[in-house]
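In what follows, a single structure is set out as structure tokens and then discussed.
The values are calculated or read from the model by the stated rules, or taken from the named source; none is laboratory data. Model, not experiment: these values are computed from the prediction. Here Cβ is always computed from backbone atoms with ideal geometry, including for glycine, and neighbour counts include all displayed protein chains.
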Amino acid sequence: MRGREDLVARDQMERAQDGVECPRRIEDESKVAGLGADVLTERGADACELGAEPALEQIDRLPLELELPALVGLEHRTRAGAEGTVVQVGDLRIEQEEVAPGHEASLLPPGRMASVTRGTEDRWAAWLRRRRSGGDEAVEARTAAGLAKLRDRILENARLRAGETLLDVGCGNGLVAFGALERGAGRVVFADVSAPLLDESRAIATDLGLAERCEFVEAPADALAAIETGSVDVVTTRSVLIYVRDKPAAFAEFFRALRPGGRISLFEPINAFGKDERRREFLALGVPGLETAGAKLDALFEELQPASDPMLDFDERDLMREAEAAGFFPVRAEVRLVVEPNEPRSWDGFVNSSGNPKIPTFAEAMAQALTPEETERFVAYVRPRVEQGLGRWRMGSAYLWATKPG
């Protein structure tokens, strides 16, 4: 074990231009900083020298949940081509449609994708199905490839082996879970707080002939009592802990559910990074003539998701700390902090999208907080910026993977 004097944090070189992603890797080789012991932090200096490309794979805009409506809309499905088969489970209708190769966000048969005719629906299902993108098909298509890469990275970090049992916590519509089945998992447990999304995943699994290898559990990440102790080999999450206030309880549940030698593999947005800059730019704070409108919108979003909200009250170091405190060792994390140009997108898609399931769309926020005159002035300023891709996108994200000793 290396002593503290050998555990040197190397600052990454900043690139001279905007739009460069510099990964930061954190490896817990003994104990995590903040718990009174040693930690190794490397800021990817080798990958981010001036003039060099990052060593990590290049990923398009990742599907991250934000505390504000996203300037880049996100969606889980891509429509294209002719209609396909239809599966009915209760009042949920799953239609498979042809899609362009490489655009499969869930691992359905090649060239096919699931869309949903809604029966019952909660806020989680509504957000995944339409409110995340605002119906912007161009954004949906761009996002599908990023979703697939994100899913693959989670499963690669998990070191999933054929025949193992994987628990996907916060499974949504099955992005990671179906990927695990394709990679040979013997059994996959789909866990989520959303009954409609579990119904959707169940319908897809039935249509694919995979139902016998699947189990569906309605439960939150911090209360997985339905999962037997020591019953799974891998636990995965994608953008789940951002909704969990009691993160230590969630890590404790992951640890309990795993067999000795089992692994966790998590992906979480780090919304604390760039939060203040994102708000100033997004809400036009300080722009002459828009002070009142910006302040009203800022107050609305601040009330809905203040700095103490689970989406904003942590960073990658907290995840490391909680993982080790739960008993995991070794613990590793890789952090990506991005400042790059915004991408142009349609105004209709933007105003009808929401950054996460707990907040309104931008159109809803303006209708709630602004007068018609204030809305008109605000839109006149913001719309050209959205459609032309002006301004900067700031976002952080982290992969974390760790092992239960034994």
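Kindly indicate whether any position in the range 132-144 is in contact with a strand residue (DSSP E or B) (Cβ under 9 Å, 6 or more places away or on another chain) and aliphatic (A, V, I, L, M). Walk me through how you get there before you give the answer.
Applying the first criterion (in contact with a strand residue (DSSP E or B) (Cβ under 9 Å, 6 or more places away or on another chain)) to the range 132-144 yields 144.
Filter again for aliphatic (A, V, I, L, M), leaving 144.
Yes, because at least one residue in the range 132-144 is in contact with a strand residue (DSSP E or B) (Cβ under 9 Å, 6 or more places away or on another chain) and aliphatic (A, V, I, L, M).
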Notebook entry, point to check: Which of the residues belonging to the range 268-299 are closer than 20 Å to Pro341 by Cβ, basic (Lys, Arg) and surrounded by 17 or more Cβ atoms within 10 Å (Cβ to Cβ)?
Noted result: Lys275, Arg278, Arg279
Notebook entry, point to check: Looking at Ile264, is it under 23 Å from Val193 (Cα atoms), part of a helix (DSSP H, G or I) and within 19 Å of the chain's Cα centre (by Cα)?
Noted result: no
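Would a scan of the range 284-300 turn up a residue that is among the β-branched types (Val, Ile, Thr), closer than 24 Å to Val382 by Cβ and in contact (Cβ under 8 Å) with a residue 24 or more places away in the chain?
Looking only at the range 284-300, we keep the residues that are among the β-branched types (Val, Ile, Thr), and these are 287, 292.
Applying the additional criterion that residues be closer than 24 Å to Val382 by Cβ yields 287, 292.
Pick out the ones that are also in contact (Cβ under 8 Å) with a residue 24 or more places away in the chain and you get 287, 292.
Yes, the range 284-300 has at least one match.
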Item checked: Among the candidates Asp91, Asp122, Asp136, residue that is within 23 Å of the chain's Cα centre (by Cα), of a type in the set (Asp, Glu), surrounded by fewer than 24 Cβ atoms within 10 Å (Cβ to Cβ) and at pLDDT below 90 -> Asp136
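Of the residues Phe314, Phe328, Phe378, only one is closer than 23 Å to Ser133 by Cα and of a type in the set (A, V, I, L, M, F, W, C); which?
After ruling out the rest, the residue left standing is Phe378.
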Item checked: Filter result (within 30 Å of Glu156 (Cα to Cα) and without any contact (Cβ under 8 Å) to a residue 24 or more places away in the chain) within the range 349-406 -> none
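Residues that are over 18 Å from the mean Cα position of the chain (by Cα) and more than 22 Å from Asp246 (Cα to Cα): which helices (runs of 4 or more DSSP H) entirely in the range 307-406 hold 2 or more of them?
Details: elements: 316-326, 347-351, 362-369, 372-388.
Ranges flagged: 347-351, 362-369, 372-388.
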Note to self: Scan the range 280-298 and tell me whether some residue there is under 19 Å from Arg132 (Cβ atoms) and modelled with pLDDT of 95 or more.
What the structure shows: no
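Quick one: is Ala105 buried (at least 16 other Cβ atoms within 10 Å of the Cβ), at pLDDT 90 or above and farther than 30 Å from Gly230 by Cα? Spell out the reasoning first.
Numbers: buried (at least 16 other Cβ atoms within 10 Å of the Cβ): yes; at pLDDT 90 or above: no; farther than 30 Å from Gly230 by Cα: yes.
No; evaluated as a whole, the condition is false for this residue.
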Check: In the range 329-348, what count of residues is obtained for those that are farther than 21 Å from Ile270 by Cα and either touching a His at 6+ places or on another chain (Cβ under 8 Å) or surrounded by 21 or more Cβ atoms within 10 Å (Cβ to Cβ) (or both)?
Finding: 1
